[in-house]
Amino acid sequence: MIKKKRSNPYTKVCALSKHKDMYMSTNKARRIIDKIRGRSYQERLMVLELMPYQACYPLLKLVYSAAANTIHNMGLNESSLIISKVEVNESTTVKK
C-alpha cells in the first residue's frame, strides 16, 4: 500500500525585517514582545499603538517594515499576514 503525502494548503513565505542598534534595554523590549507574541498582524498594530511604553514606537516601525517588505516583494495581502517569530537580542553596549 502506497501512502500519499498530504499536501499543506498553506504556503509558508518568509520575510525578514531587522532593527540594529536600537538603544534601549532588552528587558524593556521583551516586556512588549511578550504581550504581542501570538497575535495577528492587526492586533499587534493596535496593541503597539495603545501601549504607553517608549519602546513601542521602534517596534511598531519594525512590524510595519516587515509587512511592507512582504506586501511589496511577495504580493500578499495584509489580512493574510501572520508574524511567526519575534526575537530581542542584546546589541552593542555604549561605554561611558
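A few comments on the model shown:
- Options Q54, Q42: the member that is touching a Lys or Arg at 6+ places or on another chain (Cβ under 9 Å), surrounded by 10 or more Cβ atoms within 10 Å (Cβ to Cβ) and of a type in the set (S, T, N, Q): Q54
- Counting only residues that are under 12 Å from the mean Cα position of the chain (by Cα) and either closer than 20 Å to K20 by Cβ or of a type in the set (V, I, T) (or both), segment 37-67 holds 11 of them.
- Condition check for Y53: aromatic (F, W, Y), at pLDDT below 85 and in a loop (DSSP other than H, G, I, E, B): no
- Output for segment 67-87, where each listed residue is part of a helix (DSSP H, G or I) and surrounded by 10 or more Cβ atoms within 10 Å (Cβ to Cβ): A67, A68, N69, T70, I71, H72, N73, M74, E78, S80
- Looking across I82, I71, one residue alone is more than 24 Å from T26 (Cβ to Cβ), in contact (Cβ under 8 Å) with a residue 40 or more places away in the chain and not charged (D, E, K, R). It is I82.
- Meets criteria (under 14 Å from S84 (Cβ atoms), in contact with a Leu (Cβ under 6 Å, 6 or more places away or on another chain) and either aromatic (F, W, Y) or modelled with pLDDT of 85 or more (or both)) for Y41: yes
- Residues in segment 11-29 that are modelled with pLDDT of 80 or more and either touching a helix residue (DSSP H, G or I) at 6+ places or on another chain (Cβ under 9 Å) or of a type in the set (S, T, Y) (or both): Y23, M24, S25, T26, A29.
Quick grid of which residues meet (1) exposed (fewer than 11 other Cβ atoms within 10 Å of the Cβ); (2) in contact with a Ser or Thr (Cβ under 9 Å, 6 or more places away or on another chain); (3) in a helix (DSSP H, G or I):
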| position | (1), (2), (3) |
| --- | --- |
| L16 | yes, no, no |
| H19 | no, yes, no |
| D34 | no, no, yes |
| M46 | no, no, yes |
| S91 | no, yes, no |
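The values are calculated or read from the model by the stated rules, or taken from the named source; none is laboratory data. Please read all numbers here as calculations on a predicted model, not as lab measurements. Reconstructed Cβ throughout: ideal geometry from the backbone, glycine too, with neighbour counts over all protein chains shown.
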